[in-house]
Amino acid sequence: METVAAVAREAHGEFSIETVDLAAPRRGEVLVRIAGVGLCHTDLVARDQFIPIPLPAVLGHEGAGVVVAVGEGVTKVSPGDRVVLGFASCGHCAQCTGNLPSYCRKFPILNYTGARADGTSGVSIAGKAISANFFGQSSFAGYALATERNVVKIDAEDVPLEILGPLGCGFQTGAGGVMRALACPAGSTIAIFGGGPVGLAAVMGAVIQACSTIILIEPIAARRKLGRELGATHVIDPAAGDVGAMIREIQPDGVEFAFETSGHEAVVATALSVLASHGLLGLVGVPPRPESSLSVNLASLITYGRRIHGIIEGDSDLDGFIPELVALYRAGRFPFDKLITTFPLDRINEAISAQLKGTCVKAVLIP
Ligand SMILES: NC(=O)c1ccc[n+]([C@@H]2O[C@H](COP(=O)([O-])OP(=O)(O)OC[C@H]3O[C@@H](n4cnc5c(N)ncnc54)[C@H](O)[C@@H]3O)[C@@H](O)[C@H]2O)c1
Ligand SMILES: [Zn+2]
Ligand SMILES: [Zn+2]
């Protein structure tokens, strides 16, 4: 079938709106009419070739929509079901069977290569295959092919489907990072570096966990203000001085948890330095270069028992965590809608500029 898609054709270039051909769902696949798709920083990381997906490519990995057809063998969903699309995973490896599918052994193959595991693509232009299957969906489009494993059925009828897509990546990464990966206990202290969609979802997650001190470090004033409204107890502008010293003024012994979303090496170093003894630092921000690294003083790491934890997708298991986040949203405890601005899909380049400038936090594109 034909559908409209935003196609990435060159690193750092604009997306172009084109008509593409989408294959019928194969065994285990699900065809979804996209109601809305979030724009995540990771889409730009792929367009700009930090993730070296061959271009042209249809990206987009925060889709939500309605199932219109299913391939052979699919039993989890049927046409008419409302679904959120998440990351792909194999379902068989030790991490998948251990309910940590975001650390699936095949995660890179299934999410980043631009093709199905067998090397084929479900998307073509004028008979020529282009990269698709990004995060098992490529949902910057009117319709997308997902798999049975990475669609999550949403039973609640009262939630606006078009804004649910970011639960499938950015919001579950922030919330799950704090609620699952760091598992901050009630009364604990946390510093969250970066108040974009992931960092602000982490603030909401910290409130849900009943953290007593939630310090948000973010250069954009509007995002600091939003962080306060969402429950941060303190906000810091990194341009205002020595961030480590400002955090130690609030928490002289350091924070028990830190969560880093900016990806900047210097910020990671600060986050590590403000940890209390046996403190745990969670890293989710994509660094500027594949070779970006950190020099860590091993003696201080060992002496104070500090821990560093790389996190993918907030340890989400999709079928368990996304309905949990929807329930928290319906209870008024995870108001992620406050972060969203919608744009028509054909204004994706404008949405990217707005997100980069900080005039919107999370753009959701409506095909
Ligand atoms: N690990 C994962 O599974 C996963 C999932 C989703 C996104 N990500 C990555 O997480 C990161 C955050 O995603 P996002 O969508 O919120 O991106 P974003 O770019 O909107 O957020 C980053 C925030 O960091 C802020 N920042 C910049 N300099 C800073 C500094 N010196 N100190 C503190 N904050 C600073 C920016 O102003 C921005 O608000 C991105 O790198 C994204 O690719 C990772
Ligand atoms: Zn697996
Ligand atoms: Zn993402």
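The values are calculated or read from the model by the stated rules, or taken from the named source; none is laboratory data. Nothing here was measured: the structure is a model prediction, and the numbers come from that model. Reconstructed Cβ throughout: ideal geometry from the backbone, glycine too, with neighbour counts over all protein chains shown. Heavy atoms of the whole protein, side chains included, go into the accessibility calculation; ligands, DNA and RNA do not. Shrake-Rupley method; radii C 1.70, N 1.55, O 1.52, S 1.80 Å.
Here are some notes:
- Residues that are in contact (Cβ under 8 Å) with a residue 24 or more places away in the chain, more than 16 Å from ligand 3 (Cβ to nearest atom) and among the hydrophobic types (A, V, I, L, M, F, W, C) within the range 126-182 comprise I130, A132, A141, L145, V151, I154, A156, V159, L161, V178, M179, L182, listed in sequence order.
- For the range 187-199, the criterion of a residue being at pLDDT 95 or above, open to solvent by less than 10 Å² (accessible area, probe 1.4 Å) and within 25 Å of F107 (Cα to Cα) is satisfied by at least one position.
- Among the candidates A57, A46, the residue that is at pLDDT 95 or above, open to solvent by less than 10 Å² (accessible area, probe 1.4 Å) and more than 14 Å from the chain's Cα centre (by Cα) is uniquely A57.
- Scanning the range 72-93 for residues being touching a helix residue (DSSP H, G or I) at 6+ places or on another chain (Cβ under 9 Å), open to solvent by 60 Å² or more (accessible area, probe 1.4 Å) and either farther than 24 Å from G38 by Cβ or within 16 Å of ligand 2 (Cβ to nearest atom) (or both) gives a total of 1.
- Residue within the range 103-125 that is more than 13 Å from ligand 1 (Cβ to nearest atom) and at positive phi present: yes
- Positions within the range 16-43 being part of a helix (DSSP H, G or I) and either among the aliphatic types (A, V, I, L, M) or open to solvent by less than 30 Å² (accessible area, probe 1.4 Å) (or both), in sequence order: T42, D43
- Residue in the range 118-132 that is assigned to a loop (DSSP other than H, G, I, E, B), of a type in the set (S, T, N, Q) and under 22 Å from F15 (Cα atoms) present: yes
- Whenever a residue of the range 330-353 is touching a residue at least 24 places away in the same chain (Cβ under 8 Å), its partners that are open to solvent by 50 Å² or more (accessible area, probe 1.4 Å) and assigned to a strand (DSSP E or B), lying with C-beta atoms within less than 6 angstrom and at least six residues away or across chains, give the pairs T342/I366; D346/I17.
- Candidate set: the range 207-257, residues that are among the charged types (D, E, K, R) and farther than 21 Å from A269 by Cβ; chosen: the one nearest to the chain's Cα centre (by Cα): R223
- Search result, residues across the range 94-108 that are in contact (Cβ under 8 Å) with a residue 12 or more places away in the chain and surrounded by fewer than 19 Cβ atoms within 10 Å (Cβ to Cβ): N99, Y103, R105, K106
- Whenever a residue of the range 45-59 is within 15 Å of F140 (Cβ to Cβ), its partners that are of a type in the set (S, T, N, Q) and not in a loop (DSSP other than H, G, I, E, B), lying with C-beta atoms within less than 6 angstrom and at least six residues away or across chains, give the pairs I53/S131; A57/S131.
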